[in-house]
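Engineer: Take this structure, written in structure tokens, and hold onto it; I'll ask about it next.
The values are calculated or read from the model by the stated rules, or taken from the named source; none is laboratory data. As the structure is a computational prediction, the values presented were derived from the model and not from experiment. With ideal geometry, Cβ positions are generated from the backbone for all residues, glycine too; neighbour counts draw on all protein chains shown. Note: areas computed on protein heavy atoms with side chains; ligands, DNA, RNA excluded. Shrake-Rupley method; radii C 1.70, N 1.55, O 1.52, S 1.80 Å.
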Amino acid sequence: MILRRGHRVTTQSVSFQFDGREYTAQAGDTVASALLAHGVRLFGRSVKYRRPRGVFAAGPEEPNALLTVGTQPCVIPNVSAPQLAVTPQLITRSQNRWPSLRVDLHAVLQAGGGFFGAGFYYKTFMWPSWRTYETMIRHLAGLGEAPGAADIAPPHVEHLSCDVLVGGAGAAGLAAALAAARAGARVVVCEREPQAGGELDFETATIDEQSATEWVRASLAELARAGARVLYHTAIVGGSDGLVIAHAEPGGIAKNNTVYRIRPQKFVMAMGAVERGIAFANNDRPGVMLLGAAERYLARYGVAVGKVLVLFGNHDRLYASAMRLHAAGMRVRAIVDTRCDVSAAIFGLRATLTGMGVECMSGHAVAEVHGVYGIRRTRIMPLQATGTERFIECDALLVSGGWTPMLQAALHDGGQREFAAKVSEFVASVQPEWRTAVGACAGTFELGAILTESFRAAAQFAHSIGAMGVVGRAPVGRGDTAPQLQAFWRSPCTRAHEKTQFVDLQNDVTVADLRLALSEGFVDIEHIKRYTTLGIGTEQGRTGGLLGAAIVAELKGEALSRVGVSRTRPPYQPMTLGSLAGLNQGDALRVTRRTPLHAWNQAHGAVFEPAEYWLRTRYYRANGTDAFTAGIQEATRVRTHGGILDGSTLGKIEVAGADAAAFLDRLYLTKASTMKVGRSKYMVNLREDGMVLDDGIVLRLAPNRFLATTGSGHAEHMLSHFEHYRALEWSHRQVALTNLTEAWAVIVVAGPKSRATLMNVLGEPWHARLSGLTHMEFSESCWQEQALRVLRASFSGELAFELHCQHGIAVPLWEALVAAGLPPYGLEALDILRVEKGYLVASEMNGEATPQDLGMDGLVNLGNECVGRALLGRPAFVEPQRPRLVGLRARDGKSVIQGGAQITLTAADTHSLGHVSSSVYSPALAQWIALAFVARDRAATGTVLVARDLLRGTDVDVVVTSPVHVDPSSERMKV
Amino acid sequence: MNAVMMRLTCPFCGARELNEFQFHKTAPEPGANPFASVYERVNRTDISQEYWQHVQGCRAWLYVSRNPSTGEVYQVNLLGTQP
């Protein structure tokens, strides 16, 4: 194998597979360069017409050569071959063809070229129903196949801030980076290629009396010494509000990605310009390629894209390129220049080329390409009336219609673009003060001007943020002369031929499609884009967007500046959904919190359910085959015998300080300051609009120390609520707030046997305390030399105790209680017990209920001046139709009452009086019971109403009762 | 038009990314009655005074004065100490 030499390849060989065949490449090759070196010309088939296609470009603007990497189920589809680095054992395959690339049975669709024009699916495949055709169309549509399994790890995510961010490490980017670094700014450079240099890789240039390559190397070394950070394989993909997002895909494939979230003080956009083609008949054939692509394949990989070349374009760079390609051994047969007059700048070059046997034609255009799997010859036509057509044989046609500045990053955060007639391009206009475009990105194409402009802009940015170091003078360079471009978008042709003049290669959009869209009334470029699918592929109109807009302008007879180009949106290069999600995926998406007793519960058959971020035990498998059966079993056992519950998720906030008591008085419906030390009280918080926010037991641990408990999963919200009012009204007082939710484990011990078992387990030192402990009183001491607090309080209606301890003794204490005869119960059982007693949870304290709605009139009438009090007296809150909390039972004593059912007067009624907020089967009463909200004027005990479940279509007669269904005088708790 | 970078300068922690903070609500007019404090606001496009909390940092409550049209932040005070 002859070793190729180029900027990116080394002598080391590496082999890979394409469509089942092994190929040998050199380290540094991309799949495109390696296959081109082997003479492969067919890389895929187009999306709609299945036309054979080859490589068109040498970057992410590649529309044709998209490959599938890997094998199912872990494939990665639509990978751009010019970006895909060859790695050992890489498996690639072409897309959109069956059974093979060469022989594609679906290419018969080409025969129906007229039938499948733009928007055909809106007008065809309708009778008898589009579903008849759906399967077939789905099978034929699209490019690559989706992977069957997730194989890609989440990306790394890095947050960066810097003084000056430079997008691009070509001539403009490097000049800007040097200026900023010399001024002393912290610089980050993002370069989407594996190496810096951009067009300096092939342009014949000298900078500061060195070759371009040497200058690039020296500049990178200087940047490294200055501590500037250059990120390779990293493309700017989006951003907003001053944040710039870059995405690194080393090797051009979606593995080991990094997402950079960058906050620059200043951003210099030097991302260059993308070359575009010209539309002519059959301009999509394998062998038609962008001129700059051929230069890149030669300079970077040592690959000759053809043996006999024809160059076609509308600017002076054709000639410099021709010299370079010819010198590398490719035979340039002809240069077809659409401009009629030859500019003085290239007189000499043209003469030299003619002397070398290159035919230089002016005022001519390529009309058509012949050949299906490769070019055989081109048909050249004169652009003026005089002259005849010619045929020139070649195997590669290199086309260049100009360069479109890469403006995506210049268009957000209020950035705009405008049409610069001088260069026939859209360039960045108004920009936020922290961002500027330089170089080809700004419409400057001549190297000397690029270096000066970029250097000065970056120096000015650096100085403006205080980096005042001496930058010296800008690099002085000379490269290819200015292009002197004259706009030319498509070769003249017949209407029939317009069907093969491709504008967007990736989406098979032709000039005929643009004409069709216009004739059907789609005149706005945004509508044309969507109707024809112009520019909607992976390359997002890089090669075809402006071309299409310009052709539309010609067809409409309107100026291009008026037609405009369609809006681009991030990401500017394809990203996987995984990269977009960043770290917010898998377990990291939503934190799962487990209590200290989680492992024990899991090992003993607990079935968990999420409660906010916590996992709580719903029931234990040993007690029943499902939640319903197990819940009843566990609840029954608590009432007859006893049980323990893991209550560690209970929110706990310590409120301490000289003003703690007064602070709590302000934040709760009733006063905390009247509590004695060693006692606790059931307390309710109101929201500022008067609605009940939360409830919980507040303990007075010391004169200046309270423990406020909140609903499980509500602790952070309540903490923010307390902190807000502390800042708003108490900033000069002494109140310390600490979230102790995770510091203390909580074990609830409930049931007739609770006290005796607890005394047994805690031992002698606790006997006197426990037997003397009154309702709502607590005691603090130790167990196994660790702090333990026992509070006598109940949420089940049974005699019960809450044990607060730290993690060290949580499991031993729990196990000791189980061993002593108290089995655990879960939330399902807890819900049964608390509904039987009319105790409230979030279903009742739902943010729409006032304290009076919930039966707390007594607490309200104590008159404590608290947050929310001021808005409690609103007229709507005492209206007769306003729902309030009641209990419900099925009238027949056995029907199921459905949670969420609407309450009405009769089964035919659709006017809702309220709804069922909680419903359970009560083992104590052997029937279904519920808590519900019912209009005050219908809520008298004994009223018969209907609970209508409109979803399941059932209606149940219900009777209004007190919300306290079981043990109304709470005798069981007072034992 | 100049959109400005969205950072807030917490009095304790310094300039931090916006996503460390949680917006609570627009501040009521000073001296407003309780109903107006809870429900009524004057929406101006040039200035907005707001309550934010530095939830992923020091949890301080902040009084932020900013321009809702451009995003420019005029002033950040600890809530309760604002002028």
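Engineer: Filter segment A:678-709 down to the residues that are outside any strand (DSSP E or B) and within 14 Å of another protein chain (Cβ to nearest Cβ), then identify the one that is least open to solvent (accessible area, probe 1.4 Å).
Structural biologist: Among them, the one singled out is A:GLY690.
Engineer: Across segment B:12-52, what is the total count of residues that are assigned to a helix (DSSP H, G or I) and within 9 Å of chain A (Cβ to nearest Cβ)?
Structural biologist: Total meeting the criteria: 6.
Engineer: Then there is this: Would you point out which residue out of A:THR510, A:THR481 is within 23 Å of A:ARG276 (Cα to Cα), among the polar types (S, T, N, Q) and touching a strand residue (DSSP E or B) at 6+ places or on another chain (Cβ under 8 Å)?
Structural biologist: Working: A:THR481 fails: touching a strand residue (DSSP E or B) at 6+ places or on another chain (Cβ under 8 Å).
Testing whether each residue is within 23 Å of A:ARG276 (Cα to Cα), among the polar types (S, T, N, Q) and touching a strand residue (DSSP E or B) at 6+ places or on another chain (Cβ under 8 Å) leaves just A:THR510.
Engineer: Can you name the number of the only condition in (1) within 29 Å of A:GLY415 (Cβ to Cβ); (2) open to solvent by 30 Å² or more (accessible area, probe 1.4 Å); (3) at the interface with chain A (Cβ under 10 Å from one of its Cβ atoms) that B:GLU72 fails?
Structural biologist: Only one criterion in (1) within 29 Å of A:GLY415 (Cβ to Cβ); (2) open to solvent by 30 Å² or more (accessible area, probe 1.4 Å); (3) at the interface with chain A (Cβ under 10 Å from one of its Cβ atoms) is unmet by B:GLU72, namely (3).
Engineer: Looking at A:SER464 and the list (1) touching an Asp or Glu at 6+ places or on another chain (Cβ under 8 Å); (2) within 14 Å of chain B (Cβ to nearest Cβ); (3) open to solvent by 10 Å² or more (accessible area, probe 1.4 Å), which single condition is not satisfied?
Structural biologist: Condition (1) is where A:SER464 drops out.
Engineer: Does segment A:129-140 contain at least one residue that is in a loop (DSSP other than H, G, I, E, B) and open to solvent by 30 Å² or more (accessible area, probe 1.4 Å)?
Structural biologist: Within segment A:129-140, one or more residues are in a loop (DSSP other than H, G, I, E, B) and open to solvent by 30 Å² or more (accessible area, probe 1.4 Å).
Engineer: Here is a follow-up. For segment A:710-734, how many residues are open to solvent by 10 Å² or more (accessible area, probe 1.4 Å) and away from chain B (no Cβ under 12 Å)?
Structural biologist: 5
Engineer: What's the number of the only condition in (1) touching a Lys or Arg at 6+ places or on another chain (Cβ under 8 Å); (2) open to solvent by 20 Å² or more (accessible area, probe 1.4 Å); (3) closer than 18 Å to A:LYS48 by Cβ that A:VAL511 fails to meet?
Structural biologist: Result: A:VAL511 fails condition (2) only.
Engineer: Given the criteria farther than 27 Å from A:GLU498 by Cα and open to solvent by 30 Å² or more (accessible area, probe 1.4 Å), does A:GLN540 qualify?
Structural biologist: For A:GLN540, the condition - farther than 27 Å from A:GLU498 by Cα and open to solvent by 30 Å² or more (accessible area, probe 1.4 Å) - is not met.
Engineer: Among (1) touching a residue at least 24 places away in the same chain (Cβ under 8 Å); (2) within 14 Å of chain B (Cβ to nearest Cβ); (3) not acidic (Asp, Glu), there is one condition A:VAL430 misses while meeting the rest; what is its number?
Structural biologist: (1)
Engineer: With the requirement that a residue be closer than 30 Å to A:GLU558 by Cβ and open to solvent by less than 10 Å² (accessible area, probe 1.4 Å), what does segment A:416-438 give you?
Structural biologist: A:GLU425, the sole residue that qualifies.
Engineer: Also, quick follow-up: How about segment A:494-506: which of its residues are surrounded by fewer than 24 Cβ atoms within 10 Å (Cβ to Cβ) and out of contact with any strand residue (DSSP E or B) (no Cβ under 6 Å at 6 or more places or on another chain)?
Structural biologist: Within segment A:494-506, A:THR494, A:ARG495, A:ALA496, A:GLU498 qualify.
Engineer: Inside segment B:53-69, can you point out the residues that are open to solvent by 50 Å² or more (accessible area, probe 1.4 Å) and either more than 12 Å from every other protein chain (Cβ to nearest Cβ) or part of a strand (DSSP E or B) (or both)?
Structural biologist: Matches in segment B:53-69: B:PRO68 only.
Engineer: Quick check on this structure: which one of A:THR640, A:THR625, A:THR617, A:THR649 is among the polar types (S, T, N, Q) and free of Cβ contacts under 8 Å to residues at least 12 places away in the same chain?
Structural biologist: So the residue among A:THR640, A:THR625, A:THR617, A:THR649 that is among the polar types (S, T, N, Q) and free of Cβ contacts under 8 Å to residues at least 12 places away in the same chain is A:THR625.
Engineer: Residue by residue through segment A:305-330, note down the ones that are touching a residue at least 40 places away in the same chain (Cβ under 8 Å) and small (Gly, Ala, Ser).
Structural biologist: Answer for segment A:305-330, where residues must be touching a residue at least 40 places away in the same chain (Cβ under 8 Å) and small (Gly, Ala, Ser): A:GLY306, A:GLY313, A:ALA320, A:SER321.
Engineer: Among the residues of segment A:411-437, write down those that are under 19 Å from A:ARG569 (Cα atoms), assigned to a strand (DSSP E or B) and small (Gly, Ala, Ser).
Structural biologist: Of everything in segment A:411-437, those that are under 19 Å from A:ARG569 (Cα atoms), assigned to a strand (DSSP E or B) and small (Gly, Ala, Ser) turn out to be A:ALA428, A:ALA437.
Engineer: Here's a follow-up. Can you name every one of the strands (runs of 3 or more DSSP E) wholly within segment A:21-83 that holds 1 or more residues which are of a type in the set (Lys, Arg) and without any contact (Cβ under 8 Å) to a residue 12 or more places away in the chain?
Structural biologist: In segment A:21-83, A:21-26 are the strands (runs of 3 or more DSSP E) which contain 1 or more residues that are of a type in the set (Lys, Arg) and without any contact (Cβ under 8 Å) to a residue 12 or more places away in the chain.
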